[in-house]
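Visitor: Just dropping this structure here.
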Amino acid sequence: MNEEQLKEKVIECLHTIYDPEIPVNIYELGLIYEINILPINNVQIVMTLTSPACPAAQSIPVEVDQKVKQVEGVNDVHVAITWTPPWDKSMMSEAAQLELGML
């Protein structure tokens with residue numbers, strides 16, 4: 001499996017993880033800033049949360065780490081949280097905005 005195929009599988013996996021307060025997956029919410037496939041199939045994910053006070057601030061990165069590690073072909077996962085740039089509603093996909101009645 002090449003890096004592009006592995007990245008696609010990781011993105012599919014991220015579509016199964018939801019912010020507990022919003023009925024939209026974290027990928028469509030725009031919380032994932034970067035997905036890097038490093039040598040020997042190590043996955044580095046740079047993500048943010050909707051706010052530093054988000055009740056899921058502890059659980060979502062752990063869930064991302066655990067679920068992505070289960071993706072076939074993934075060796076190891078590193079999840080980094082960043083607050084730059086801060087998340088805002090404009091980062092959501094059109095599908096997420098439609099689902100939340102914002103379009």
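Visitor: For region 10-27, list residues with backbone N below 12 Å from a point placed 7 Å from the Cα of Met102 toward its Cβ?
Guide: 22-25, by backbone N distance to the label point.
Visitor: Grab the other residues whose beta carbon is less than 12 angstrom from that of Pro39, score K and R as +1, D and E as -1, and report the net.
Guide: -2
Visitor: Computed from these coordinates, which is Cα Rg over 2.2 N^0.38 Å: (1) 1.00; (2) 1.28; (3) 1.05?
Guide: Matching the structure shown: (3).
Visitor: Give me the percent relative contact order of the chain, please, defined on Cα pairs under 8 angstrom at least 6 residues apart.
Guide: Relative contact order of the chain: 30 percent.
Visitor: Divide by every residue of the chain the summed helix terms, -39500 (n - 2.57) for each DSSP H run of at least 4, and state the resulting mean residue ellipticity at 222 nm, rounded to the nearest 500 deg cm²/dmol.
Guide: Value at 222 nm, helices only, nearest 500: -8000 deg cm²/dmol.
Visitor: May I pose another question? Which chymotrypsin sites (Phe, Trp or Tyr not before Pro) in the chain pass both tests, a DSSP loop state and at most 15 other beta-carbon atoms within 10 Å?
Guide: Trp83
Visitor: At 7 Å along the Cα-to-beta-carbon direction for both Lys89 and Glu72, put a label point, then send me their distance in nm to one decimal.
Guide: Between Lys89 and Glu72, the label points sit 4.1 nm apart.
Visitor: Label Leu38 and Tyr18 with points 7 Å out from Cα along Cα→Cβ: what is the distance between them in nm?
Guide: 3.2 nm
Visitor: Something else: Once amide H atoms are built 1.01 Å from N in the peptide plane, which residues 5 or more positions from Tyr33, or in another chain, come under 5 Å H to H?
Guide: Excluding prolines and chain starts, which carry no amide H, the hits are Val46, Met47, Thr48.
Visitor: Going through region 68-100, which GluC sites (Glu not before Pro) have at most 10 other Cβ atoms within 10 Å and a DSSP loop state?
Guide: Glu72
Visitor: Measure off 7 Å from each Cα along the Cα-to-Cβ vector at Ala80 and Ser51, then give the distance between these two points in nanometres to one decimal.
Guide: My value for the distance between the label points is 2.7 nm.
Coordinate-derived values only; no laboratory data. Only a predicted model underlies this, so the values are computations on that prediction, with no experimental measurement involved. Note that we place each Cβ from the backbone using ideal geometry, even for glycine, and neighbour counts take in every protein chain shown.
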